Amino acid sequence: MSESVPTVFLPSPDVELEDWGPLEEATGPQMDTSGISIWEDGKGADSGIWECTPGPSHWTLETNELIYVVSGRMTVTPDGGEPLELGPGNSAVFPVGWTGTWDIHETLRKLYVIY
């Protein structure tokens, strides 16, 4: 008999979020983040909802990340690559080692899966 794995139900994307403090990756004025972790496996995988105020930031990813934009807009530009506009309803995958900028134009709320 196999062990039952609990099902995780996602809260509504407009759920109230916890203050996660200033964004360390910000490259301009302070950007404030908030979020809620919905599931973690204890080995680095995580999923939840994340929100960030507008501004530029630079990222170097140490994990894979899948996002789904709930609200807001941003331009994502990989180092040496072409910019991509993301807004509500858009999804993107950022693989381990991805480096580039996220320029958030309007407060961004996303669902994320880090794996």
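The values are calculated or read from the model by the stated rules, or taken from the named source; none is laboratory data. Since the model is a prediction, treat every value here as computed from it, not as a measurement. With ideal geometry, Cβ positions are generated from the backbone for all residues, glycine too; neighbour counts draw on all protein chains shown.
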Give the residues of segment 99-115 that are aromatic (Phe, Trp, Tyr) and surrounded by fewer than 17 Cβ atoms within 10 Å (Cβ to Cβ), sorted by residue number.
Tyr115
Failed item in (1) more than 11 Å from the chain's Cα centre (by Cα); (2) more than 16 Å from Glu106 (Cβ to Cβ), with Val76 passing the rest:
(2)
Looking at (1) surrounded by fewer than 13 Cβ atoms within 10 Å (Cβ to Cβ); (2) under 15 Å from the mean Cα position of the chain (by Cα); (3) touching a residue at least 24 places away in the same chain (Cβ under 8 Å), which is the one condition that is false for Gly89?
(3)
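Would a scan of segment 2-25 turn up a residue that is in a strand (DSSP E or B) and in contact (Cβ under 8 Å) with a residue 40 or more places away in the chain?
no
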What number of residues within segment 76-100 satisfy the criterion of being of a type in the set (Phe, Trp, Tyr) and outside any loop (DSSP other than H, G, I, E, B)?
1
Among the listed residues Ser34, Ser57, identify the single one that is part of a strand (DSSP E or B), surrounded by fewer than 18 Cβ atoms within 10 Å (Cβ to Cβ) and at pLDDT 95 or above.
Ser34
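This table checks each residue for (1) within 20 Å of Ser37 (Cβ to Cβ); (2) touching a Phe, Trp or Tyr at 6+ places or on another chain (Cβ under 8 Å); (3) surrounded by fewer than 18 Cβ atoms within 10 Å (Cβ to Cβ); (4) not β-branched (Val, Ile, Thr).
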| site | (1), (2), (3), (4) |
| --- | --- |
| Glu62 | yes, no, yes, yes |
| Val76 | no, yes, no, no |
| Glu85 | no, no, yes, yes |
| Val93 | yes, no, yes, no |
